[in-house]
1. Looking only at segment C:321-346, count every residue that is modelled with pLDDT of 95 or more, within 13 Å of another protein chain (Cβ to nearest Cβ) and closer than 19 Å to B:M106 by Cα and tell me the total.
2. Give the number of residues within segment A:253-295 that are among the charged types (D, E, K, R) and closer than 22 Å to A:I204 by Cα.
3. Would you mention how many residues in segment A:261-279 are over 19 Å from the mean Cα position of the chain (by Cα), under 12 Å from A:L301 (Cβ atoms) and in a helix (DSSP H, G or I)?
4. Output the residues belonging to segment B:80-94 that are touching a residue at least 24 places away in the same chain (Cβ under 8 Å) and either within 7 Å of chain A (Cβ to nearest Cβ) or buried (at least 18 other Cβ atoms within 10 Å of the Cβ) (or both).
5. Could you tell me which residue of segment A:63-108 is nearest to A:I220 (Cα to Cα), considering only residues that are of a type in the set (A, V, I, L, M) and over 24 Å from the mean Cα position of the chain (by Cα)?
6. Among the residues of segment B:95-129 satisfying the criterion of being within 14 Å of chain A (Cβ to nearest Cβ) and of a type in the set (V, I, T), which is farthest from C:D51 (Cα to Cα)?
7. Do we find that B:V43 is touching a residue at least 24 places away in the same chain (Cβ under 8 Å) and touching a Lys or Arg at 6+ places or on another chain (Cβ under 9 Å) in this structure?
8. What single numbered condition from (1) surrounded by fewer than 18 Cβ atoms within 10 Å (Cβ to Cβ); (2) under 21 Å from C:H232 (Cα atoms) fails to hold for C:R190?
Amino acid sequence: MVKRNAFIIGTGITGFGENYEISAGKLASQALTRAIENSKITKESIQSTFIGSLVSGSNSQASIGANCLRESNLKTPYVRIEAGNASGAAAFHQAYLGLLSGIYDCLAVVGIEKLSDFVNVGIVERILSSTIDYQWEFEMGATLTSLYAILTKAHMREFKTTLEQLAKVPVKNHKNGVNNPIAQFRKEISIDRFLKAKRIADPIGKFDPATYCDGSAAVILASEEFILQNKDINSKVPILGSSYASDNLALHHRDSLTELYATKTAAATAYKMANIKPENINVAEVHDSYPIGEILAIEDLGFFEKGEGGRAVEEGLTDQNGQVSINTSGGLKARGDPFGATGIAQIIEITEQLRGEAGKRQIDSINYGLTQNVMGTGALTYVNILGEEEVKK
Amino acid sequence: MEPPKIWREKRGKYLAMGVECLDCMTKQFPFTENCVKCGSENVNEYKLATTGKVLYFSTVTQTTEEMMGSTPYLIAIIELDDGIKITSQIVDCNLLEAKEGMNVRMVFRVLARNGSEGLIRYGYKFAPI
Amino acid sequence: MNKVGIVSFGSYVPRYRIKVEEIAKVWDEDPIELKTQLQINSKSVPGPDEDVATMAVESARNAISRWKGKEKDIGAIYVGSESHPYAVKPTATIVAAALDVEKNLTAADLEFACKAGTAGMQMCFGLVKSQMISLGLAIGADSSQGRPRDPLEYTAGAGSAAFLIGSDNIIAELEGTQSVTTDMPDFWRREGAVYPSHGVKFTGQPAYFKHTIDASKSLMEELGAQPSDYQHVIFHQPNAKFPQAVAKMLGFSKEQIELGLICKHMGNAYSASSILGFANVLNHANPGDRILLTSYGSGAGSDSFSFTVTEEINNIRPYKYDAQYYLNRSEYIEYGKYARFKGILR
């Protein structure tokens, strides 16, 4: 078991959506500033800033941390971490390791993406294509969506999963999103809307994928020692497990298309670190960028038997206060998907649930929560397990 | 579309040239200097089988700008007769007639054009037999 | 003198077709009159991912895969076309790489309107006969352009034919070749222009007919041959009417021209036109058959060839992906899709 010496002491998040008037640096700064305020620490306490981002923004500023920190009037060192759509969780994991190393006591993690500048759909498809095998999938004509279409077909063929079961995923997530003040879409959507939409890569319809958007999310991590020395800190949520695993980048190199091996492997390690079992998890934020993503996640994370994911969603077992509440935030689908910010937004949702601050989204009883953040078609998956809030003093 | 990249990848894209490990005898694609299974450097170029069957496919109607000219098109994972799986488009096929298990053969097509003045990327696609 | 001839051949025609009626509808023309005039029902249309390089490769791969020789022996590749995908950067090098026959060979792209394919054949015959190379590959391929509403729009098709030329295991031995060449402003496309322009009626009698007849007559005279000596004759096919008329003028029968007349459903594939007809003849000809092939390219010139089919032909037949396979497969498209494929809609 890993030494429990990493805690989330504060969170900050911007509204997710189209934010034409704000630059990427400013957006990131808003989330970071809110996280610092929420932590009740001085900004000078932050020793380093880990930025998770896939492309940052249309100005191609790779060192987006520089813009963010200038906007925030901070002078820490910074690093941008890229792991495709899982860049947020990747930055979080690196900061976690930084704390456990003993070198740092207080770190900021910021996830940021600004995608509304890319007004042409084709450009975002191109950005997303960098998360699949560029030479042997993308250049041969595949898109991220078309590969998820193949994952969907594989599951439908193997387990008789239906389009109706798949459509229940975004229906549920949009229902959850109604109660999330930062979500891009806060309205319910009927199942017919999904089923009758034009197919963009059959069987995936136009409204099935999560929508890319602008957004930033930040958390402040601190060690036990730091928390003891900073009396104003009033909340600490322990990070019980944090792991990631990889798989072959190209689908055609994988042994199975009905599971995400990286999710299973990363989850197994995270459960071991936390010394808990899948059934101990009460709430999870999983990568539902496509409906099949959530079905695969709830199976590969061990919440349901392989092949039972579709039925579980259909029967409401993943609804708020179901057997396990999945994507109470609305998920990527309703909250919107600013790639790098998504992994941090997931952690913030679980943190709020553990703190009892999730408002109408709050689940009735909670000990453990989990996040799963996926790059591309699952070549890299990050899994984090957070535990019950240990309120200081 | 970068000229050195197009040049470097032509054997893979034009000829579907993979690799065969002379130690563990595994055939793989794409070409690598080391066997991805046993790590041996004792490898030879190996030309993939040019026929196979469709394992999975999807009809793509929304894609990147450079491929938009070809929509709707079929993308598939194909298992070649030598057991190697690759991702490729299926052409010369009525969209409604595409099916899993369909037998296909390798053909040579334009993969993408860089506008009207840039380079043209050529490579393999598959057509029904 | 050593023998020289065709050792293998391959064809390619894209799958899409558009009917004369469909184009006529757009321009409010009378399709019956057009079809009577052109004697063409439909034309081939390349898919959005096809061009001269892809069609050339497909036809060349067909020539190689039906044949038992070693493609590494190819010492020259010539691709004749008036629609090469690049103005500068050869199609022939793409073909060489796609056949895996880089790098000890000579190669070039040729342009002579619709006869650049046969020009490449002549070059290969010369190189092989002079023993500078042992095997040559000559390809004629076009993805022809016809300006919307121009009469050419009804006929400008696409396709490719490839011929391996050598001196071993010849399937059709070359008896002789003659060309006529004059400066002739009957049809042209300026550098950078998308569509060709032409002299309408001027493309007929003084251009197509004069050159085709002169080259054919000149070759037959040299060989001491009569039209009746040939089982098959193939002429360039800008439409189906011209080659039939020229056959009659030269004294050939309907039966002699029939197998090589392939333009009725695929239109005029320009540099590939007469040689696709030739490829179709080779798919059916018997050993001992004599074949006369005369191309025509605007600008202008004609290359005429006389061949005798040998017993070797049976060693490379039957072959599934022959001209007939490509002529038979078809998906008819509407003008809107045609306009998109051809880049008329941008």
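The values are calculated or read from the model by the stated rules, or taken from the named source; none is laboratory data. This is a predicted model, so every value here is computed, not measured. Reconstructed Cβ throughout: ideal geometry from the backbone, glycine too, with neighbour counts over all protein chains shown.
1. Of the residues in that region, 3 qualify.
2. Our first condition is that a residue be among the charged types (D, E, K, R); within segment A:253-295, this holds for A:254-255, A:259, A:264, A:272, A:277, A:279, A:285, A:288, A:294.
Still in the list and also closer than 22 Å to A:I204 by Cα: A:254, A:259, A:285, A:288, A:294.
Total meeting the criteria: 5.
3. Looking only at that region, the number is 1.
4. Passing the criteria: B:L80, B:I84, B:K85, B:I86, B:S88, B:Q89, B:I90, B:V91, B:D92, B:C93.
5. Ranking the qualifying residues of segment A:63-108, first place goes to A:L74.
6. The qualifying residue farthest from C:D51 (Cα to Cα) is B:V104.
7. no
8. (2)
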